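Take a look at the structure set out below.
The values are calculated or read from the model by the stated rules, or taken from the named source; none is laboratory data. What you see is a predicted model; the values in this text were computed from it and never measured. Please note: Cβ atoms are built from the backbone with ideal geometry, for glycine as well, and neighbour counts cover all protein chains shown.
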Amino acid sequence: MISGDKKTYKTYLKLFLALVLISITIYFVNRFIDYILFINGDHPFRGIFAVDPGNLTNTLGGLGEVVTAVLGVELTAVAIIAQLAANKYSSNVMILFILNKVNIFVIALFVLTASNTILVVNTITEAFIPYWSVFFNLLLIIVSLLVVIPHLYYVFNFLQPENFISLVQGQANDIMRKLPEAQDVEINKMRDEFYDRIEFIRDIGINSVSQGDSAVSILCITSLKEIIVSYLQHKKNFPEKWFKRSGKEYLDPDFSAYSDFVIDRIESSKTFVERKVFRAYDLIFNISRKTLRDVAAGVLLNSGLIGEEAITLNDDGALECTFRYFNTYLRFAINDHDPRSAFNALEHYRVIGEKLLDVNPHKVEQIAYYFKYYALEAQKQGVLFILETAAHDLCVLNELAYEKKVPNIRELLFVFLNLDQPIEETNHSSEMSLIGVRIAQVKLAGFYLLKGERELARLIYEDMKVEPMERILRIYELIYTTTVEEFWEITPRGVNFYYLPPERREILKEFFEWFEK
């Protein structure tokens, strides 16, 4: 993808030599046909064309000038269009366009037509008029003129982002398909090419965010997800050398900032490619969080889908990489006092935990710990409502853990009960957040009571009985006065955290009676 490398220069040289060879071949083959036709008698094309060499050369020479003029106009138009696309999306679009086989064929057709016209016109004599060569040359001219409009349509279609992004994604898939059978000497080169494709799509995504083009940005995010999902599915078939450092990581901006310790960990977990894709997500997420929130939401959604695929394939390295980047998303959002981004990140993080309950419930404790850690960090920095959101998500995870009968139900419950801050550390501004946490815990107590698990519900009561009675009454009031499940503003989740279905509100009366006693 880089225009200055040796491979590109060799490609251009091969193309030049091929055009020269084809042009000469066409000329001499046609001349040979003319010679055969002449020695066998009257030339069958003599009656089609004028017998005056001057008329033929003038007519054919004028048509040759038309072809070269059309070629110049088309090259100018196509170059402008391609350069505009390159300026908007990525400089590599131009290289991709130049190396496209259809574009090469059309431009080569014009060049061959012009060169063949020059050769034919300047070899017509009164003694020998090559009628077949003239006829063939006219066919080339006609085809060259007819192909102009279809080619311009193809160029406009090719430069649609979805088309060249799909092309680059296909190139990445081709590399993965060839990789299992690749020789050791080829692997580093294939890795560089694979990274180039990821960076190409990343650059388009970043530039699109800067220009406010959310549709193309989301297209890039989705394409990167499809590449990494396909990569994870075929990863076990790749040669071991693919996962080893090549030495170029220290020059790669995505890895150069890491210490040897981190590089060693990436190498041992075989996650260089995963880090590459998530680093692209990280960059897009950070520049879109406050300007194009739908793009940031797309990063979170696709990050979650990658994590789910890692769970399905039992790829611990990719899953751990997903955890780290979700934690990074949360850290950026909290440090920048961006509660909406943290709010969305927690939901997609929780969905990963829900899927993980089926295959590795003990690892869900790790997610629960992260929820607690970042919720309390948000509270310390005054980013309100994140603590309540984390509590709601942990409540959902605990309910699902019970439904799935996982062995570590109590461990998950204890993490949930430790989410709230001690009473003496709260202040007026965080009072509602603490109440929101307690409401989530009460909701879980109601769930346990509905399932007949009074012992688990009593654990929640034991944790809450230290609360002052006025706070318990406030919790009671909020629960029993919230009767609308859907929140009354537009939010990504759309649910009202304080809402409980009627059957759970009814059984919670028993729970609140424990406080009265």
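Restrict the check to the range 311-318 and report whether at least one residue is buried (at least 22 other Cβ atoms within 10 Å of the Cβ) and within 26 Å of Ile490 (Cβ to Cβ). The answer is no, given that none of the residues of the range 311-318 is buried (at least 22 other Cβ atoms within 10 Å of the Cβ) and within 26 Å of Ile490 (Cβ to Cβ). Scanning the range 106-121 for residues that are of a type in the set (Val, Ile, Thr), touching a Ser or Thr at 6+ places or on another chain (Cβ under 9 Å) and farther than 14 Å from Ala18 by Cα turns up Val106, Thr113, Thr117, Val120, Val121.
Yes or no, residue by residue, for (1) more than 30 Å from Val216 (Cβ to Cβ); (2) assigned by TED's automatic domain parsing to the domain that holds Asp203; (3) outside any loop (DSSP other than H, G, I, E, B):
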site: Val70; (1), (2), (3): yes, no, yes
site: Ala85; (1), (2), (3): no, no, yes
site: Thr113; (1), (2), (3): yes, no, yes
site: Ile118; (1), (2), (3): yes, no, yes
site: Thr125; (1), (2), (3): yes, no, no
site: Phe135; (1), (2), (3): yes, no, yes
site: Ile141; (1), (2), (3): yes, no, yes
site: Ile149; (1), (2), (3): no, no, yes
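I'd like to check something: does the range 255-263 contain any residue that is among the hydroxyl-bearing types (Ser, Thr, Tyr) and at pLDDT 90 or above? Checked the range 255-263: no residue is among the hydroxyl-bearing types (Ser, Thr, Tyr) and at pLDDT 90 or above. Which numbered condition in (1) more than 19 Å from Leu400 (Cβ to Cβ); (2) of a type in the set (Phe, Trp, Tyr); (3) assigned to a loop (DSSP other than H, G, I, E, B) is the only one that Tyr480 fails? All conditions are met except number (3). Condition first: assigned to a helix (DSSP H, G or I) and hydrophobic (A, V, I, L, M, F, W, C). Now tell me which residues in the range 301-326 satisfy that. Leu301, Leu305, Ile306, Ala310, Ile311, Ala318, Leu319, Cys321, Phe323, Phe326, listed by residue number. Here Gly170 fulfils each of the conditions (1) touching a residue at least 24 places away in the same chain (Cβ under 8 Å); (2) within 18 Å of the chain's Cα centre (by Cα) apart from (1). I want to confirm something. Restricting to the range 333-387 and keeping residues that are surrounded by fewer than 21 Cβ atoms within 10 Å (Cβ to Cβ) and among the polar types (S, T, N, Q), which single residue is nearest to Phe416 (Cα to Cα)? Among them, the one singled out is Gln366.
When the residues of the range 362-393 are narrowed to those that are not hydrophobic (A, V, I, L, M, F, W, C) and not in a helix (DSSP H, G or I), which ends up nearest to Ala318 (Cα to Cα)? Ranking the qualifying residues of the range 362-393, first place goes to Gln381.
Checking each residue in the range 122-142 for being closer than 23 Å to Leu17 by Cα and either crowded, with 22+ Cβ neighbours inside 10 Å or modelled with pLDDT of 80 or more (or both) picks out Ser133, Phe136, Asn137, Leu140, Ile141.
Exactly one residue out of Val359, Val396, Val415 is part of a loop (DSSP other than H, G, I, E, B) and either in contact (Cβ under 8 Å) with a residue 24 or more places away in the chain or small (Gly, Ala, Ser) (or both): that is Val359.
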